[in-house]
Amino acid sequence: MPPPMSTDNTAICPVKMVGIVKRFPGILANDHVDFDLRKGEIHALLGENGAGKSTLMNVLAGLYRQEGGTILVNNKPVSFSSPRDAIKAGIGMVHQHFMLVPSQTVTENILLGMEEPRFFLRLKEFDAKVAELGERFGMQVDPRAKVWQLSVGEQQRVELLKMLTLGAQVLIMDEPTAVLAPQEIEALFVTLRAMVAEGKSIIFISHKLQEVMAIADRVTVLRKGKVTAAGVKMEGVTRQELARLMVGRDVLFKLDKTPCNPGEPVLTLEDVYAENDKGLPSLRGVSFQVRAGEVVGLAGVAGNGQVELTQVINGLRRCTQGQVRLNGKEITNRPVLQAIQSGMSYIPEDRTHVGSSPNLSITDNVIMKSYRQPPIAHGWVLDGAKAEHIAGELKDAYEIIAPTIHTPVRLLSGGNLQRVILAREISGHPTFIAAVQPTRGLDVGAIEGVHRLLLAQREAGAAILLVSEELEELFSLSDRILVIYEGRIMGEITGELDTSANVETIGLMMTGSQYVSGALKEEMNRGGENISPGQPQGMVQHD
Amino acid sequence: MTDDELTPDGKVTLPEGQAPLAGPTNGRGKSRFPFRIYLEPRLQEPPRWYPFAISFGAVAIALFFGGIVIAFAGGNPFASYAHIARASFGSLGVFSDTIVKATPLILVGLACSLAFRMKLWNIGAEGQFFLGAFGASAVVLLPILPENTSPWIFIPVMMLFGILAGALWGFVPGFLKAKYNVNEIISTLMMNYIAVHWNNFFIFAVWSDGGFQMSPVFPRTAWLPRLTDYAEQFPILRGLTAHLGLIMALAAVLVVWFILYRSRWGYEIRLIGDNPKAARYAGLNIQRNTILVMMVSGALAGLAGMSEITGVVHRLQGAISPGYGFTGIIIAWLAKLNPFATVLVSILFGALILAGREIQPSGIPKMIQGIILVCLIASDFLMRYRVGIERVGAEPTGEEA
């Protein structure tokens, strides 16, 4: 299904990026990426988390500097060394985290960074200008309101107004809908269309397919830092095609897996609701069970409630409704310690900020959950020698490569840090393991090691919930797969998992189709959510 | 990988030297200087001696800058430093005086170290010190114990009240922080003023000694024993004012060391201090630990107040602290939050306080303290980054010169 490469070089290109290379320590974030933007279009930049979308746009906005490749603005090569240079060239970026001063008014924020009012602030005059500009693009904001009083959607409008006032012709929107409520998304789309009608060009970064389908004229898809589709026209592109370009599919390498013999239910979720950090609903009635000796895969595009789900299970996040039971005991909204003591282990997605304590030693990190009991603790006293002995054993058993057990874990590589976490989580013989993206960012060898360790736990009778965005990983480890989308379980895949039909089905469920009794249903009647109608229903044949 | 994290770049380059890969520069990119300095985050743990070397280096540089200022003020830096050394370490007598100054500093330094370990910025050791002094005085002046009580009872009870009063003063900001996330820097700082004026109220109004702004002198049984008290048996001790508070401070050093490095609780403090998210994930109760640590920190500062009031001043009055509580912050940092290093640093600062009497203008030792602190905080940078120099225009970036 090769989408046609668009190559009509007619008029002036507001932005053209050729062969952009950007490295971060250990990661090639952008690998010779090409990107071009035409005047008056909305160009979506689609890809999973970590695919390199934001990196590419941060290069364009002058925040990062590329290691290779050229940027052309209006057909002239440019070199930005700060966002200021980019704005001077007419390129403005609205970040996911707004850059506003909360204690100042809307107008004051917009005037920040402008050269216009040289000394005297004639605020009233500017208030009127801001209001007028807002009117023009359908963005109602009170110019005299203080920013902290505004909703997130309104703050986003302020950012947009700021960029427009600074004279931006190209607007980069980094996941603009992630923080918005459905009605706000609709309003934003109206605004974006109004801006395009006035000849501005917009780059719309997203990992949500239906939004891209709804708003974009063309789309560029990134996967693992590489372009998988360059500037494809939206007409004639199906969601399935985009989903596959985005998620990709590599060759599976099979692990030896014994047949699944599930035992008693270990974890039971009943109608669980929870909110995310911004107070928006992130889980809406999740129910499922994980039984002893089975691996349940949870598939889904990042940000659809997976992390919140595992946090609720562990007691790190409040569950607003519903029940969580572990080994028959209710643990809903109980302290984290109780979950740990009833045999739960949790391999968090964020290894450095949640899963480990960077400046403490390997020893201190592996005893994080076992330091309360003997043999490490004797009442109040911590037996340091014993802790170090245990850490030494774990270091050998889990092949953690580090100079000594006193090495602070921030100096370890990603794979070794993950081994430290696994050593801690698995060595306590858990009855339930929640593993979130356990292999993200690891190299092939390390991935295999992690997979073996998890399967060994399954053999030992642990119930495992595996959250992953990698279909490959889900297929090779799971005994059945659930798909989550916007905080709801869209369906379950059982039996022979690794079939191309299942890939298709999972891809569609990941982007909002429901799977009921063996058939897919497009979810159409989702109140207020911007799902473009007119998309093909159900399965579509591919050559 | 999170792509919205700011500059996870391997290198932070100071002047822009790297030629742009394509297109014209905007003029600012060129550097006239043939070398450039670059910084690189340390990827390896520096050797064990390194932090100490850096600290000593920082103090040496601070003394150098201090010397320049002294020279500008018309003094001879070498003579001044020699005088400071003689005035604080020159004889058994002055060394004993240095120890007397160092005693409360050790305790407040420990108070700050413990709280700072958990990244609780307790700026209120001064207030907790005053409350500790008040608590101990109350035992005599309220009175809680009659005047002729044996020292064997008097001193432990005064210790207890000093500790309790300091802990109370630590509890309030700790509770506010844990329960309502009130910034402890502000609350502890403000509570310093309350503490000082609370004491003033009692000095002026309640316990005033014949209209003077001080309480009557405590009975001898409520004094901490001093070395000079044993001059009958050992004549060499005559005039030495070092008191039992030093033993209390050293015992506290051992206790704090044990808590931090040998106890479950210390592990929790270190874990929360380094990464509260990971601590919560490991099932720790951060709120409870916040309150507890603030209380113990306050208790240590309160003990310092008790020791000062019963070991040196022997009455409650206004000027009982030349800013011990604030100096404690500096000491904690200088000692890199290590309890044993706190003792050495406190003796150094005790010497500087003592020298303030000898050196004119008397602001000089204060200034030296200030410069030491600035150099020390600046030196922390070298713990995290390594500095290199490289030739501009030379081949690829990243080579070390």
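The values are calculated or read from the model by the stated rules, or taken from the named source; none is laboratory data. Remember, predicted model here, so these are calculated numbers, not experimental data. Glycine gets a Cβ as well: all are built from the backbone with ideal geometry, and neighbour counts include every protein chain shown.
I'd like to know if region B:295-308 contains one or more residues that are assigned to a loop (DSSP other than H, G, I, E, B) and not small (Gly, Ala, Ser).
Taking region B:295-308 and keeping what is assigned to a loop (DSSP other than H, G, I, E, B), we get none.
No: zero hits.
At least 1 residues that are over 26 Å from A:ALA456 (Cβ atoms) in each: list the helices (runs of 4 or more DSSP H) lying fully within region A:302-403 that qualify. First the steps, then the outcome.
On the way: elements: A:306-314, A:336-341, A:362-366, A:384-397.
Because the criterion is at least 1 residues that are over 26 Å from A:ALA456 (Cβ atoms), the helices (runs of 4 or more DSSP H) in region A:302-403 that meet it are A:306-314, A:336-341, A:384-397.
I'm checking my understanding of the structure. Among residues of region A:70-94 that are surrounded by fewer than 21 Cβ atoms within 10 Å (Cβ to Cβ) and within 7 Å of chain B (Cβ to nearest Cβ), which one is farthest from the chain's Cα centre (by Cα)?
Out of the qualifying residues, it is A:PRO77.
Among the residues of region A:294-351, count how many are under 14 Å from A:GLN437 (Cα atoms) and of a type in the set (Gly, Ala, Ser).
The qualifying residues number 6.
In the set A:GLN155, A:GLN149, A:GLN104, A:GLN140, which member is under 27 Å from the mean Cα position of the chain (by Cα), over 19 Å from A:MET57 (Cα atoms), more than 14 Å from chain B (Cβ to nearest Cβ) and not β-branched (Val, Ile, Thr)? First the steps, then the outcome.
On the way: A:GLN149 fails: under 27 Å from the mean Cα position of the chain (by Cα); A:GLN104 fails: under 27 Å from the mean Cα position of the chain (by Cα); A:GLN140 fails: under 27 Å from the mean Cα position of the chain (by Cα).
Matching residue, one of A:GLN155, A:GLN149, A:GLN104, A:GLN140: A:GLN155.
Filtering region A:425-451 down to residues that are in a helix (DSSP H, G or I), within 25 Å of A:GLY263 (Cα to Cα) and not small (Gly, Ala, Ser), which residue is modelled with the highest pLDDT? If you could, list the steps in order and put the result at the bottom.
Step one: list which residues in region A:425-451 are in a helix (DSSP H, G or I), which gives A:425-427, A:444-451.
Subsequent filtering for residues that are within 25 Å of A:GLY263 (Cα to Cα) retains A:425-427, A:450-451.
Remaining after also requiring not small (Gly, Ala, Ser): A:425-426, A:450-451.
Values: A:GLU425: 93, A:ILE426: 90, A:VAL450: 86, A:HIS451: 89.
The selected residue is A:GLU425.
Looking at B:ILE291, B:ILE259, B:ILE320, B:ILE347, which one is part of a helix (DSSP H, G or I), out of contact with any strand residue (DSSP E or B) (no Cβ under 7 Å at 6 or more places or on another chain), away from every other protein chain (no Cβ under 14 Å) and modelled with pLDDT under 95?
One residue alone meets the criteria, B:ILE347.
Pick out, from region A:154-250, the strands (runs of 3 or more DSSP E) lying fully within it that include 3 or more residues that are within 21 Å of A:LYS278 (Cβ to Cβ) and in the same structural domain as A:ALA44 (by TED's automatic domain parsing). If you could, list the steps in order and put the result at the bottom.
Numbers: elements: A:170-174, A:201-206, A:218-223, A:226-233.
Fully inside region A:154-250 and qualifying: A:201-206.
From the list A:GLY167, A:GLY248, pick out the single residue that is surrounded by fewer than 22 Cβ atoms within 10 Å (Cβ to Cβ) and modelled with pLDDT of 80 or more. Give the steps one after another, and end with the answer.
Working: A:GLY248 fails: modelled with pLDDT of 80 or more.
Just one listed residue meets the conditions, A:GLY167.
Condition check: modelled with pLDDT of 90 or more and closer than 24 Å to A:GLU270 by Cβ. Does A:ARG480 satisfy that?
Working: modelled with pLDDT of 90 or more: yes; closer than 24 Å to A:GLU270 by Cβ: yes.
For A:ARG480, the condition - modelled with pLDDT of 90 or more and closer than 24 Å to A:GLU270 by Cβ - is met.
When B:ALA279 is evaluated against the numbered criteria (1) closer than 30 Å to A:TYR371 by Cα; (2) more than 13 Å from chain A (Cβ to nearest Cβ); (3) crowded, with 19+ Cβ neighbours inside 10 Å, which criterion, by number, is the only one it fails?
Evaluating B:ALA279 over (1) closer than 30 Å to A:TYR371 by Cα; (2) more than 13 Å from chain A (Cβ to nearest Cβ); (3) crowded, with 19+ Cβ neighbours inside 10 Å leaves (2) as the failure.
Based on this model, can you work out whether A:GLY300 counts as touching a helix residue (DSSP H, G or I) at 6+ places or on another chain (Cβ under 6 Å) and within 14 Å of chain B (Cβ to nearest Cβ)?
Details: touching a helix residue (DSSP H, G or I) at 6+ places or on another chain (Cβ under 6 Å): yes; within 14 Å of chain B (Cβ to nearest Cβ): no.
No; evaluated as a whole, the condition is false for this residue.
Got at least one residue in region A:489-505 being buried (at least 23 other Cβ atoms within 10 Å of the Cβ), in contact (Cβ under 8 Å) with a residue 12 or more places away in the chain, in a loop (DSSP other than H, G, I, E, B) and at negative phi?
No: zero hits.
Taking region B:61-86, which residues are surrounded by fewer than 20 Cβ atoms within 10 Å (Cβ to Cβ) and within 30 Å of B:ILE247 (Cα to Cα)?
Narrowing region B:61-86 to residues surrounded by fewer than 20 Cβ atoms within 10 Å (Cβ to Cβ): B:61, B:63-65, B:67-69, B:71-79, B:81-83, B:85-86.
Within region B:61-86, B:TYR81, B:ALA82, B:HIS83, B:ALA85, B:ARG86 qualify.
Could you tell me how many of the residues in region A:373-404 are at the interface with chain B (Cβ under 10 Å from one of its Cβ atoms) and touching a helix residue (DSSP H, G or I) at 6+ places or on another chain (Cβ under 7 Å)?
The number of residues fulfilling the criteria is 7.
Quick check: is even one residue across region B:166-183 among the aliphatic types (A, V, I, L, M), crowded, with 23+ Cβ neighbours inside 10 Å, at pLDDT 95 or above and out of contact with any Cys (no Cβ under 7 Å at 6 or more places or on another chain)? Outline the logic, then answer.
Quick first cut of region B:166-183, residues among the aliphatic types (A, V, I, L, M) only: B:167-168, B:172, B:176, B:178, B:182.
Right, trim to crowded, with 23+ Cβ neighbours inside 10 Å and you get B:167.
Those left that are additionally at pLDDT 95 or above: B:167.
Next, only the ones that are out of contact with any Cys (no Cβ under 7 Å at 6 or more places or on another chain) stay: B:167.
Checking region B:166-183: at least one residue is among the aliphatic types (A, V, I, L, M), crowded, with 23+ Cβ neighbours inside 10 Å, at pLDDT 95 or above and out of contact with any Cys (no Cβ under 7 Å at 6 or more places or on another chain).
Being buried (at least 22 other Cβ atoms within 10 Å of the Cβ), closer than 25 Å to A:HIS97 by Cβ and more than 14 Å from chain B (Cβ to nearest Cβ): is that true of A:PHE204 here? Please lay out each step first, then the result.
Values: buried (at least 22 other Cβ atoms within 10 Å of the Cβ): yes; closer than 25 Å to A:HIS97 by Cβ: yes; more than 14 Å from chain B (Cβ to nearest Cβ): yes.
Considered against the rule, which asks whether it is buried (at least 22 other Cβ atoms within 10 Å of the Cβ), closer than 25 Å to A:HIS97 by Cβ and more than 14 Å from chain B (Cβ to nearest Cβ), A:PHE204 comes out as yes.
Quick test for you: out of A:PRO348, A:PRO403, A:PRO375, pick the one residue that is under 25 Å from A:GLY303 (Cα atoms) and either exposed (fewer than 15 other Cβ atoms within 10 Å of the Cβ) or not assigned by TED's automatic domain parsing to the domain that holds A:GLU448 (or both).
Sole residue among the options that is under 25 Å from A:GLY303 (Cα atoms) and either exposed (fewer than 15 other Cβ atoms within 10 Å of the Cβ) or not assigned by TED's automatic domain parsing to the domain that holds A:GLU448 (or both): A:PRO348.
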